Amino acid sequence: MVSSSKDDVCATFGVGDTQCFCLRFVPKSASNLISIGRVKVLWRRQSPTITSAPEGIQNAVSTWLDLPMVSFLDAPLSFNVETPPIGVKGVVLHMDIRVRNNEAVSHSLRIKPVDANEAFFISGRTNTTEDLLPFDEQVFRLVLVPLKTGYLRLPSLEIISLTYNLPLSDPDERQELFVLPRKCSNLEIANR
């Protein structure tokens, strides 16, 4: 059970629980270091060994643990990937990778699509190294041609900031695409 009041968040677990929980912090402004709080851990014995405890002796112990300080800063690069919702076998579709430099310095990055299942023919700027000027936005367009039908795993993208030697990922990136057979191509496809 997780509950919250104005400033406190409390999670209570039952006996034998081995669950964990995740708190999501959404900062209102960028800041170098912010204390995200502390955790109170309360340990109780399952069966009290002292049935009639004298004053001051308890069958529970509590401990406060300080959580580490966290930096909330704007990401140096942000990107999103746009793909159509469906495709047709043998018909061209586009994957647009929109990358924005959020800093006042130039960034180098490498973009490489990886199709482990060999379900697509890929053309465009593959395995390319690009430089982004300060506060610049670029769109990298890959052309995909589905070679199979059904639900296909889209090519994964290896996007690496060479400036920071850091891989980037988009948690909202579409992972699959439904591909219709060629004989269904007379259907009107959205987002064309």
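Derivation of every value follows stated rules applied to the coordinates shown; laboratory data play no part. Note that the structure is a prediction, hence the values are computed from the model and not measured. All Cβ positions, glycine included, derive from the backbone under ideal geometry; neighbour counts span all protein chains shown.
Odds and ends about this structure:
- Note on residue 183 and residue 92: with the Förster distance fixed at 22 Å, the Cβ-Cβ geometry gives a FRET efficiency of about 0.80.
- Estimated FRET transfer efficiency when R0 is 22 angstrom, pair residue 110-residue 143 (beta carbons, to 0.05): 0.70
- Extension gain, residue 69-residue 102: 0.36 nm per intervening residue step, less the Cα-Cα distance, totals 9.5 nm.
- Percentage relative contact order, the stretch 77-184, counting C-alpha pairs under 8 Å, at least six apart: 36
- Put simply, the convex hull of the Cα atoms in the stretch 77-184 casts, on average, a shadow of 6.3 nm².
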